[in-house]
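The values are calculated or read from the model by the stated rules, or taken from the named source; none is laboratory data. Keep in mind that what you see is a predicted model, and the values were worked out from it rather than measured. Cβ placement follows ideal geometry from the backbone for every residue including glycine, while neighbour counts extend to all protein chains displayed. Only protein heavy atoms, including side chains, enter the accessible area calculation; ligands, DNA and RNA are left aside. Shrake-Rupley method; radii C 1.70, N 1.55, O 1.52, S 1.80 Å.
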Amino acid sequence: MDVLVGYATTHGSTRGIADRVAAGLDKSGLRAEARDLRTVEDADAYGAFVLGSAVHQQTWLEPAQAFLRDNADTLGSRPVWIFSVGMPAALRGPWKRVAPKEKPMIMERLPGKLLYRDHRLFSGVIAKDQLPLTGRLLFRLMGGRFGDFRDWAAIDAWTAGIAQELAR
């Protein structure tokens, strides 16, 4: 089965996760391809989808939302898993308690009524050079930490679960 691991990214963190998922699916015997969603011309060529986007202000990036809107019929008839990449692991103090509330907000803002098997919110990379000076100051005042917070073990475990479901 051909699986599209499609992504929308701003700084590359989401692409790194998509590449890891595609590699894991390949190792399990599936044919998986990680691609920027803006470059996918024929969604109908895939038998299953793992779709992800960076999250800005609790919302998927527009290229990912456009892919969902433009391919709603195809996605509705095939197995779909989704992942979002935000910064919950980068938060500390009282803001850390707010992080779990982000996932339902992301889901509410997805276009249409996407049927999916599972959704995961992973932490990504947040670097100083990704924010303007005022953004860096605000982030630090909120207790944010800069760094790579991708949990590869959790991503690999999720990927293995997807591979098991698709093998059935």
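Kindly check whether there is at least one residue in the stretch 141-153 that is assigned to a loop (DSSP other than H, G, I, E, B) and of a type in the set (Gly, Ala, Ser).
Yes, the stretch 141-153 contains a residue that is assigned to a loop (DSSP other than H, G, I, E, B) and of a type in the set (Gly, Ala, Ser).
Of all residues being surrounded by 16 or more Cβ atoms within 10 Å (Cβ to Cβ) and either modelled with pLDDT of 95 or more or in contact with a His (Cβ under 7 Å, 6 or more places away or on another chain) (or both) in the stretch 131-157, which is nearest to His11 (Cα to Cα)? Just the residue, please.
Arg150
Can you tell me which residue is most open to solvent (accessible area, probe 1.4 Å) among those in the stretch 43-95 that are of a type in the set (Val, Ile, Thr) and either in contact with a Leu (Cβ under 9 Å, 6 or more places away or on another chain) or closer than 22 Å to Ile17 by Cβ (or both)?
Looking at the filtered set, the residue picked out is Thr59.
Among the residues of the stretch 114-130, what is the count of those that are open to solvent by less than 80 Å² (accessible area, probe 1.4 Å) and assigned to a helix (DSSP H, G or I)?
So the answer is 1.
Hey, can you tell me all the residues within the stretch 18-42 that are more than 14 Å from Leu61 (Cβ to Cβ) and buried (at least 18 other Cβ atoms within 10 Å of the Cβ)?
Within the stretch 18-42, Val21, Ala22, Gly24, Leu25, Leu30, Ala32, Ala34, Val40 meet the criteria.
Any idea how many residues of the stretch 133-168 are in contact with a Gly (Cβ under 9 Å, 6 or more places away or on another chain), acidic (Asp, Glu) and over 13 Å from Ala89 (Cβ atoms)?
Going through the stretch 133-168 one residue at a time, the tally reaches 1.
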